[in-house]
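Just so it is clear, none of the values below were taken in a lab; they were calculated from the coordinates. Here the structure is a predicted model, which means the values were calculated and not measured. Cβ sites come from the backbone with ideal geometry, for glycine too, and all protein chains shown count toward neighbours.
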Amino acid sequence: MTLPCVYILASGRNGTLYVGVTRNIVRRVWEHRTDAIESFTQKHRVHHLVYCEFHETMPDAILREKRIKRWRRAWRVGLIERDNPQ
């Protein structure tokens, strides 16, 4: 069993951001990159995984996702650049 995680995808540097939650990060990123599912990320070409954090339970991951989605963009960018400066 894989751990639930919150992830952020970006279309490029200073581009569109997408925050999501999943139990299987490898499969979910593949779905985004290959446009396997018609979605926001397909429409806006948001395909680069730039941040990921794992949680013990899905409710914890969902709560964190909701909090990050309420943040200002600058705070999300700061979170990304703290662990992923490139």
Computed over the chain: relative contact order in percent, which uses C-alpha pairs under 8 Å that are six or more apart: 36
Fewest-first ordering of LEU3, LEU17 by Cβ atoms within 10 Å yields LEU3, LEU17
Going 7 Å from the Cα of ARG33 toward and past its Cβ, which residues in the stretch 48-86 have a backbone nitrogen under 19 Å from where you end up? 48-54, 84-86
So what's the back-of-envelope 222 nm ellipticity for the chain, counting only DSSP H runs of four-plus at -39500 (n - 2.57) apiece and dividing by all residues, rounded to 500? -12500 deg cm²/dmol
